[in-house]
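Please treat every number below as a calculation from the coordinates, not as lab data. Quantities reported herein were computed from a predicted structural model and do not represent experimental measurements. Methodologically, a virtual Cβ is constructed for each residue, glycine included, from the backbone with ideal geometry; neighbour enumeration extends over all protein chains shown.
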Amino acid sequence: MSRLEPRLLGIPVPRIGPESVPYWEGTRLGELRFQRCDACGAANFGPGLVCRKCRSRDLTWTRSAGRGEVFSWTVIWRPQTPAFEVPYAPAIVRLDEGYDLLTALVGLDHAEISDGLRVCVEFHEISPEITLPFFAPDPEHR
Amino acid sequence: MGADRNRGPHPYHEVAIAGIYNTRQARRLPGETMHSLLVEAVFGACADAGVDVGSIDALVGQGPAELTYDLGLGPVTRAFSNLGIPAIRDAAHLITTGEATTVVVTAAGVGMLLDDGATAPWTRPTNELVVAYGLFTAAEFALMARRHMITHGTTPEQLATVAATIRNNGHVHPGAVYSGRGPFTASDILASPMIADPFHLLDCSTTSEGGCAMVLTRADRAADLAQRPVHILGSASDSFGAAYSQAPSWDLRGSGDDVPAGYVGRRAAQTVWRQSGLGPDDVDVCEFYDPFSFEIIRQLEAFGFCGEGEGGQLVMDGAIGPGGRWPITTDGGTMSFSHAGISTQQIQRVIRGVEQLRGACSTMQVAGAEVALCSNGGSGALFNDLMLLGVERP
């Protein structure tokens, strides 16, 4: 058994876009943020100008509790580039606030990943500007 | 036929595919350029159709501007640079609107794969929200496949059966890049190295180089040309937006329809069935896009060949193999025939459909095939294009 670790060195660094500045500000501060629609209440992610549910343009950045469950995952054994040491486990996590985030799972063996596994966010800095969210098993549900 | 456009004769029925051509396809084609492959493909498709290159009045696809100048064709109708089936549809639209009569669709890919230590550059997502997690196309499609396996119990053996079937079609095809590299059993697929779980190496498409072209013209004119015309009975495309920039979630839904991203292509298929007045039972051969083995199972469900969750059992029942009810991807597809860049291998699904309906396949010819459904794209890419071909002018 070997625990999956975040891959942080030599990986491509995100270039912050105009609509995602509050998101990356949040991760630097240890907060996971998403946009909540003022009109219909839907959670919206990724960052945008319009609610994807009701087309309202009144969205408010909100802090997520950073907890959710594994919706889907893959375990990679042939890396994208050599910077990504295998195995690593990209996943879609469904946050409790009702949106999906593409991330990677860490802090568990790849064989322990299962549908609906409760996970919580943990942050890892890869550059002065960019701190990435990863997800590990939620200690409250172990 | 009533006034309802959806049930009357569809404008696509005025269009026929008159010529097709594949250049040599290989893992590498040293000395070839994009332009050299496109030129060869244009001449080849025109010769196949029996039309003079000088009669081309529109070019669609990759490299149309360079070809227009270098072949001395101007003025031609200024056209588009779509990829795959949408490029073929652009050609059809130019014909149905009377803007052009002899339209050539072109595609080629060469010199794109230079680093064997990494995945192909165009498979790596660059969006800020996903770029740092080491994804590539196989990973994105795996996230879709995993969800189907969770929901319906679809198994690695079912995926492997798809891959073995398609790779064996390529194994016997003399023009396939991986000709003679089989035969494969499902066990062989499962024994190959894991790439992006649940996809083993042999569940995935290959990469190669090559080009192709296709000549479209008016159906009435096609009847007087060199080949038996193949008619477009219907065509449509579905998209859930930009691929590889968001979580490829099976459940992604817009408000316009209840179809989830996992069943992208379902709405397009329903459009094609309306345009043609046909359904899955009328289809003789399925030239489906095969980026990953699971996508065949998914498309069989999305397009209505079986119910949700029934695709895995359908492929185990022999339906997709030689002599089966719906033989799939009969030249070996992207897993074995060729996968040359971003458009060639998509056009080649329709080229193979034309070969089947001409009865001209040297291998895996489906006896008496009269209707072929061709597709491009897939769930991980958030799009699906369909084109239904027939031997009879509707």
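Proximity of backbone amide H atoms, modeled 1.01 Å from N, is registered between B:LEU252 and B:ALA261, B:GLY262 at under 5 Å, excluding neighbours fewer than 5 places apart on the same chain. The mean count of C-beta atoms from other chains within 10 Å of the C-beta of residues in A:51-62, rounded to a whole number, is 1.
Applying the criteria of a DSSP loop state and at most 16 other Cβ atoms within 10 Å to the GluC sites (Glu not before Pro) of region B:284-357 yields B:GLU308, B:GLU310. Protection proxy ranking of B:41-48, A:2-9, by the mean of other Cβ atoms within 10 Å over each peptide's residues and highest first, is B:41-48, A:2-9.
For region B:94-242, the relative contact order is 30 percent, taking Cα pairs closer than 8 Å that sit 6 or more residues apart in sequence and dividing their mean separation by the residue count.
3J(HN,Hα) along region B:133-149: 9, x, 6, 8, 4, 4, 5, 5, 5, 5, 5, 6, 4, 4, 5, 5, 5 Hz, from the Karplus curve 6.51 cos²θ - 1.76 cosθ + 1.60 with θ = phi - 60°, whole Hz, x for Gly and Pro.
Relative contact order for chain A: 27 percent, from Cα pairs under 8 Å spaced at least 6 residues apart, divided by residue count.
Calculated FRET efficiency, B:LEU201 and A:ARG15, Cβ-Cβ r, R0 30 Å, to nearest 0.05? The value I calculate is 0.40. Dividing the summed -39500 (n - 2.57) terms of all DSSP H runs of n ≥ 4 by the residue count of chain B sets its mean residue ellipticity at 222 nm at -9000 deg cm²/dmol.
Which whole number gives the average, over all residues in A:13-22, of C-beta atoms from other chains lying within 10 Å of the residue C-beta?
Values: counts 3, 7, 4, 1, 3, 0, 1, 3, 0, 0.
That average works out to 2.
Phi angles across region B:42-58 convert, under the Karplus curve 6.51 cos²θ - 1.76 cosθ + 1.60 with θ = phi - 60°, into 3J(HN,Hα) values of 4, 4, x, 5, 5, 4, 4, 6, x, 10, 6, 4, x, 8, 5, 10, 7 Hz, Gly and Pro given as x. Averaged over the residues of peptide B:247-253, the number of Cβ atoms from other protein chains lying within 10 Å of each residue's Cβ is 6.
Relative to one another, the C-alpha centroids of region B:226-253 and region B:338-358 are positioned 15 Å apart. Of all the options B:ILE297, B:ILE166, B:ILE342, the one that moves most in a Gaussian network model of chain B with Cα springs shorter than 10 angstrom is B:ILE342.
Between B:ALA92, B:ALA16, B:ALA223, the residue with the greatest mean-square fluctuation in the GNM of chain B (Cα pairs under 10 Å linked by springs) is B:ALA223. Computed on chain B, with alpha-carbon pairs under 8 angstrom and 6+ residues apart, the relative contact order is 25 percent.
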